[in-house]
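Some notes on the structure that comes next.
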Number of protein chains: 2
Amino acid sequence: MAIEVDETRFVETMKEQAEIGGTDGGGLHRLALSDEDAEIRAWFADQVSEAGLELTVDEFGNMFGYREGTDPDAGTILVGSHLDSQPYGGIYDGAMGVVAALELVRALNDEGIETRHPIEIVNWTNEEGSRFQPAMQGSGVWAGEHDIETEYAKTDADGEVFEEELERIGYKGDVPAEPQRDYDSYLELHIEQGPYLEENDADVGIVTGIVGFTWGAITFHGEADHSGPTPMHYRSDALVAAADVITQIRRIPDTLGERTVGTTGYIDAKPNSINIIPEEVTFTWGFRDPDEAVIEEARARVLAEAEATAEREGVNWEYEDRMWTDPVRFADGCVDAVELATEELGYDGMRIFSGAGHDATHTHKVMDTGMVFSVSEDGKSHSEDEYTSWDDCYKAANTLANAAYELATE
Amino acid sequence: MAIEVDETRFVETMKEQAEIGGTDGGGLHRLALSDEDAEIRAWFADQVSEAGLELTVDEFGNMFGYREGTDPDAGTILVGSHLDSQPYGGIYDGAMGVVAALELVRALNDEGIETRHPIEIVNWTNEEGSRFQPAMQGSGVWAGEHDIETEYAKTDADGEVFEEELERIGYKGDVPAEPQRDYDSYLELHIEQGPYLEENDADVGIVTGIVGFTWGAITFHGEADHSGPTPMHYRSDALVAAADVITQIRRIPDTLGERTVGTTGYIDAKPNSINIIPEEVTFTWGFRDPDEAVIEEARARVLAEAEATAEREGVNWEYEDRMWTDPVRFADGCVDAVELATEELGYDGMRIFSGAGHDATHTHKVMDTGMVFSVSEDGKSHSEDEYTSWDDCYKAANTLANAAYELATE
C-alpha cells in the first residue's frame, strides 16, 4: 500500500527552488516578504496549479493548495512547511518540507490515487523571523496565537511595515488567516538542525514533540570605577558577575537532563571601555528541554545563581522573562503514522524530540500534529554549510508522503 | 622655613575654576580643546599674568608660567597638572594640581620670597584622553614619548581633528613642544583616585611611583549554531570561553600581589542574538602592579588561561597586545622633599604607589619627578561623585608648596 515519491523529480524540484534567492555560497537569501520571497511564492503558485490543486492565499500571506477527498465528512490532512530563509541559510530548511508536500500530491496524481480525506499543502509566511519577529509568525496568526493587527504593524530593521510589504509583493489574500476547513491532522517535514540522527546512524527522524523553552535577561548594576587605582576588594564589577553566571548557564544543563541545553546568546556591557570597571551588564539566558519541569528548574537555578553572584560581587541585579514555550507532545496517531511509514519503507527510523520550534508548534493547538526529520549533517543549520545528502532528503520525503497517505486513507 | 598657602584663597580659586564647565551634578564637563577648555585656559592665563609670571604656550597647547630664580645656573622646578576633565568628572581631578601650583607662587609672592631655582607652573594639554586618545597626550609629546604630527592628526568621535581644534580655540602656540629650559625636578599634586589614604587615616600621600600596566584583547572564534537543537557537547561557544577567562582575570590579581589589579572593561559578542550560540567574542584584559615582573606574570597567566579555555571549549583564539607601560619609581630627592614637607607641617603622610597614570609618568623621562596625593573619599574619580574635603585639599596643596619650596631653595 506504499506510495513512492519520484526521486529524480523531487531532487530536480529541490534544485529549482534553490535557484530563487540562491547565494554564491550555495545557500539561500530569501527573507520573508522580500522580492525573492515574491518570486518563490509565484513559483509555488505555479506548481500548485500545475498539480491541479485549488490555490488560496489568506490575508497573512499563507498559501494553500487543496486536493479534494472522497469522503465529504473526512477532515483535511494539512502538509507543508515554509519557503522563506535565514539571511544566509541553507537550501533545505523549510523549503524541503514544502517540496516534499508537493511531491506527495504529484505521486498521488501519477498513480491516479484518490484519498478519503482531502489533502492540502501549505507554505507558511515568515517562519524564520529574521526580518520580522517573531519566528513562526504566519502559522501563529493562523492558529490564533497572535493578533493579526499586531503582526501587520511589525517593522523590519529599515522600518518597513509588515502589512505594506505583504501588499507590495502581492500576497495579501482575501481569505481570513484562520482555519477555513475541518482539519484532521498536520504533518511537516523538516531538517533536524541537530546531530542526533547522524550520530545514531538513523535514516529518518520520527518526531515525538518539540522542546519547550525559557528565555530571559539578567542585568547586573555595579559601579563604574577607574580600573587602575580601585583595589579588587572595592569593586562592584557587573561584568565579572555576568561572566560567573554565563559559566553556570553552561553547566546547569549537565545537571538536569540528557536533552537540556542552555545558552547565553546576547551580552551588552556599559560603559564598555578598557579602562573602566563595567557598571551595567545585560545578558540573556535560554534553556530548552522536552520536560516542562526541567525548564522551570533551569530558570530557577539561573536566578539563584544570579542572586548568589550579586551578593558575592556586591552588585545589584534584576531580571526579565522574555519568552516561555511549553514543550509540545505530538499526537500518537501522527507519530505512529510516521513510524509505520519508515517500517514499510524499510528505513531506520529513530524517535526524536525537536530541539527547535517549527510551524508544527502552532498547528498542534488546532489539530493532531506530527513531524518527519531528515538527517542534518553535523547538525548545521541557519548557515550556508547546512547539508543533507539527496539520499537522506529522499528518505524523509518518502516517509512524509507515506505517513500522509496513511492518515488520508484511514 | 615652611611657607603657607592661603587656605581661603586656595578654596576660592578651586571654586572659581569649578564654575567653568561645571555640571548640574556638581562635577565638570571640560573636555580637551572644547569651548570649556578654551574658557578655563583663558582664566588660567589671567591668573598666571596676575601672579607676575611669564606665560608661554607651546605648539601643542601646553601652558607654562615662569618665575625667575636667583641662580642663573639652577635648574627650573616645574609644578602643575591638567585643567581638562572627563565627560562627567569631578572638580578636583587635575584642576587641584594646577590651582595648588598657582597658590605656591602666590604664597611666595605674598611673602616676597625669591628662590634659588626658577619655578614654573604648567597646565598640560589633554591629560584625560576622553575626547582624543591617548591620555597624558600633552606631557607625552613634550617629553618626546609621542610624535607631534601623529598626535595632531588624531580625531575625536565626531571626526574633528586635534590640530584644527587646538587652532580653533586659539591655543596652538609658537614655542616647540619640548623642554625649553634646564629642568631640575617636576612635582604634581593629584587626588589619589583610590581608597588607600582614607582607609589608613592618612592626611596626605607621599607618592613613590606609578604602577605599570599591560593592556590587551583576546578574541575567541567559535561556531554560530542554533541555540536549540545543538547539544551542549557539540558547541564551540565563544562567549562561554570568554566568561571563563574573565572570571580568571578577576582571580589572577589575588594570586600575585597586594597591589595587583585586573579588569575586563570591554566585551563584544557576535552575532549577539538570544537564539544563536556566540561565534566571535572579543574582550580586553588590563593588569597593573608596581612591579614589572608581576605585570609580565599576569599577562602570561591570562594568555595561558585563554589557551586552556580554547582547548576545553573547542574554539580558536588570538590575542593582541594593546599597551604596555613600565612601572615608574620616583626620584628619592623628590619623594624625600614631599615627606619632609609633611613632617614639617605635622601631617600624617603615607608612602603610596599610584594606581593610575599621570603626566608625571612622562616628566619622569625628562627629570626627577615626585607627586603628592590628596585623600579621595571612597576612592571615587572620573565621576561627579568624586570628593575630597577642603581640609584634605588644603593639606595636599600646602604639602606640595613646601616640597616645591624645599627643592627650589636647595
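Things worth noting here:
- Residue within the stretch A:150-168 that is assigned to a loop (DSSP other than H, G, I, E, B) and closer than 17 Å to A:VAL57 by Cα present: no
- Within this structure, A:THR76 fails the test of being at pLDDT 95 or above, closer than 26 Å to A:SER376 by Cα and assigned by TED's automatic domain parsing to the domain that holds A:ARG41.
- Enumeration of residues in the stretch B:167-203 that are under 22 Å from B:TRP43 (Cβ atoms) and more than 21 Å from the chain's Cα centre (by Cα): B:GLU167, B:ARG168, B:ILE169, B:GLY170, B:TYR171, B:LYS172, B:GLY173, B:ASP174, B:VAL175
Here's the yes/no breakdown for (1) assigned to a loop (DSSP other than H, G, I, E, B); (2) buried (at least 23 other Cβ atoms within 10 Å of the Cβ); (3) over 21 Å from the mean Cα position of the chain (by Cα):
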position: B:TRP317; (1), (2), (3): no, no, yes
position: B:ARG322; (1), (2), (3): no, no, no
position: B:CYS334; (1), (2), (3): no, yes, no
position: B:GLU343; (1), (2), (3): no, no, yes
position: B:TYR347; (1), (2), (3): yes, no, yes
position: B:ARG351; (1), (2), (3): no, no, no
position: B:THR361; (1), (2), (3): no, yes, no
position: B:SER381; (1), (2), (3): yes, yes, no
position: B:GLU384; (1), (2), (3): yes, no, no
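- Test set (1) at pLDDT 95 or above; (2) more than 7 Å from chain A (Cβ to nearest Cβ) - B:ARG259 fails condition number: (1)
- Pick from the stretch B:262-277, criterion surrounded by fewer than 20 Cβ atoms within 10 Å (Cβ to Cβ) and in a loop (DSSP other than H, G, I, E, B), ranking: farthest from the other protein chains (Cβ to nearest Cβ): B:PRO271
- Residues in the stretch B:178-203 that are within 14 Å of chain A (Cβ to nearest Cβ) and not in a loop (DSSP other than H, G, I, E, B): B:HIS190, B:ILE191, B:TYR196, B:LEU197, B:GLU198, B:GLU199.
- Residue in the stretch A:61-83 that is within 29 Å of A:THR23 (Cβ to Cβ), outside any helix (DSSP H, G or I) and touching a Cys at 6+ places or on another chain (Cβ under 9 Å) present: no
- Only residues that are touching a Gly at 6+ places or on another chain (Cβ under 6 Å) and within 12 Å of another protein chain (Cβ to nearest Cβ) were counted in the stretch B:301-318, giving 0.
Condition check ((1) farther than 13 Å from B:THR208 by Cα; (2) away from chain A (no Cβ under 14 Å)) across all residues:
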site	(1), (2)
B:GLU320	yes, no
B:ALA331	no, yes
B:VAL338	no, yes
B:ALA341	yes, yes
B:TYR347	yes, yes
B:PHE373	no, no
B:GLY379	yes, no
B:GLU386	yes, no
B:ASN398	yes, yes
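- When the stretch A:281-300 is filtered for residues that are surrounded by fewer than 20 Cβ atoms within 10 Å (Cβ to Cβ), more than 12 Å from every other protein chain (Cβ to nearest Cβ) and either farther than 13 Å from A:GLN248 by Cβ or not aliphatic (A, V, I, L, M) (or both), the ones remaining, listed by number, are A:ASP291, A:GLU292, A:ALA293, A:GLU296, A:GLU297.
- Annotation note: of B:ILE206, B:ILE169, B:ILE218, the sole residue that is within 13 Å of chain A (Cβ to nearest Cβ), out of contact with any Cys (no Cβ under 6 Å at 6 or more places or on another chain) and of a type outside the set (Lys, Arg) is B:ILE218.
- Taking the stretch B:12-40 as the range and being over 19 Å from the mean Cα position of the chain (by Cα), outside any helix (DSSP H, G or I) and free of Cβ contacts under 8 Å to residues at least 60 places away in the same chain as the test, the residues that pass are B:GLU19, B:ILE20, B:ASP24.
- Qualifying residue in the stretch A:90-102 (condition: of a type outside the set (Asp, Glu), farther than 20 Å from A:HIS362 by Cβ and surrounded by fewer than 24 Cβ atoms within 10 Å (Cβ to Cβ)): no
- Of the residues contained in the stretch A:81-94, none is found to be at pLDDT 95 or above and more than 24 Å from A:ILE191 (Cβ to Cβ).
- Test result for B:GLU145, of a type outside the set (A, V, I, L, M), closer than 27 Å to A:PRO271 by Cβ and either part of a loop (DSSP other than H, G, I, E, B) or out of contact with any Asp or Glu (no Cβ under 9 Å at 6 or more places or on another chain) (or both): yes
The values are calculated or read from the model by the stated rules, or taken from the named source; none is laboratory data. As the structure is a prediction and not an experimental result, all values here were calculated from the model. Neighbour counts run over all protein chains shown; Cβ positions are idealised from the backbone, glycine included.
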